[in-house]
Amino acid sequence: MRASSARSIAFVAFGVALLLAGSWWGLAKAPGEVFMGDVQRIMYVHVPTAWNAMLALTFAFVCALCFLFTNAWKWDNRLEAGMEMGVVLSLLLCMQGSIWAKPTWGVWWDWDPRLTTTAVMVFAFGGILALRAFVDDPVKRAVWSSVACIVAFVDVPIVYFSVKWWNSLHQAQSTPQTVSSAFHWPLRINAFGILFLWIGLVGLRARVAALRRRGEMAPPLTQKQPATGRAPITGGAV
Amino acid sequence: MSGVIEGGWEFVIAAYTVSALLLGGYATSVFLRFKKEKARATNEVSG
């Protein structure tokens, strides 16, 4: 096994260990909130998921820019991996939020600015992943999805600032100033848990993308075939 | 009405279960795809 793959697996294992510790702290040790009671314990997975979803999509945005500037395949591999992880985390974010909304707001969903912009984020990046699946040419696929990712990324800061800019039903951003100090540790531990988990998974997923593209672009050569016909884009690393 | 939510553990359990299932399911799919692509690449090199 390559050292980078072993490192990715170690990151995943460390992330899972942190998540187990943080969730235990949040469920068993941290006090309930004054008004929301035990329901507030959903915050220990919901808020870290939100932070990491936006971080993963920001990573994908940086990879898209790097690909367009360098034409190195490793950035396209990372873009695909980061975007997929961001969509999974955003989808999870909506599901957790919906479960939290029912006992606190009385509804599973509301077309409030934060929720609406988050739904747009899921569909925009999910759509780009679908676009990638339909384009056979690896060069076109990489360029188109990089450009689309940069355009879709406009929504990410809107999601973050939506609760500040508009009169939203959603509560304000969770920061050390808005969250009681008794809740800080499980939040931080779970945030780092999800961070390590997605860094590890993105590492492995990028390797999958690299191997898959290598198979698409370079069919097995025999001694009689010359090694020509590769696209003029550099780099085979993850 | 006091404005305080009583109980609600079923929602907490649901949120944590959904998180574990989705993240666990995605992690499993990534590991399986990684294993499959690695095996395919090895076969191409050897065969």
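Quick note: the coordinates plus some simple rules give every number you see, no bench work behind them. What you are looking at is a predicted structure, and each value in this text was computed from that prediction instead of being measured. No Cβ is skipped: glycine too gets one built from the backbone with ideal geometry, and neighbour counts run over all protein chains shown.
Dipole size of chain B about its Cα centre, with +1 on Lys/Arg Cβ and -1 on Asp/Glu Cβ: approximately 460 debye, rounded to the nearest 20. Compactness of chain B is given as radius of gyration and Dmax, 21.2, 73 Å, from Cα positions. Mean separation of Cα pairs under 8 Å and 6 or more residues apart, divided by the residue count, gives chain A a relative contact order of 38 percent. Seen from every direction in turn and averaged, the convex hull around the alpha carbons of region A:1-82 projects onto 7.1 nm². Kirkwood radius and radius of gyration were both taken over the C-alpha atoms of region A:9-50, and their ratio Rg/Rh is 1.07.
When the inverse distances between all different Cα atoms of the protein assembly as shown are averaged and flipped, the Kirkwood radius reads 20.3 angstrom. Across peptide B:21-31, the average count of Cβ atoms from other chains found within 10 Å of a residue's Cβ is 6. Residue by residue along A:97-105, Cβ atoms of other protein chains within 10 Å of the local Cβ number 4 on average.
With contacts taken as Cα pairs under 8 Å at a separation of at least 6 residues, region A:43-102 carries a relative contact order of 45 percent.
Annotation: the residues B:5, A:199, A:128, sorted from fewest to most other C-beta atoms within 10 Å of their own C-beta, follow the order B:5, A:199, A:128. Between region A:138-213 and region A:1-75, what is the C-alpha centre distance in whole Å? Between the Cα centre of region A:138-213 and that of region A:1-75, the gap is 8 Å. With the Cα gyration tensor of region A:146-194 giving a ≥ b ≥ c as the square roots of its eigenvalues, does the rule (a/c under 1.5 for rounded; else a/b larger than b/c for prolate; else oblate) give rounded, prolate or oblate? Oblate shape, in that a/c is at least 1.5 and b/c is the bigger or equal ratio. Averaged over peptide A:19-32, the number of partner chain Cβ atoms lying within 10 Å of each residue's Cβ comes to 1.
Dividing the C-alpha radius of gyration of region A:54-189 by 2.2 N^0.38 Å, with N its residue count, gives 1.19. In summary, the aspartates and glutamates within cross-link reach of residue B:35, defined as a Cα separation below 15 angstrom excluding same-chain residues under 8 places away, comprise B:44. Its Cα gyration tensor gives region A:27-130 an equivalent ellipsoid. The semi-axes, each the square root of 5 times an eigenvalue, are 33, 15, 9 Å from largest down.
Axis angle, to the nearest 10 degrees, between helix A:155-165 and the longest C-alpha principal axis of chain A: 20 degrees.
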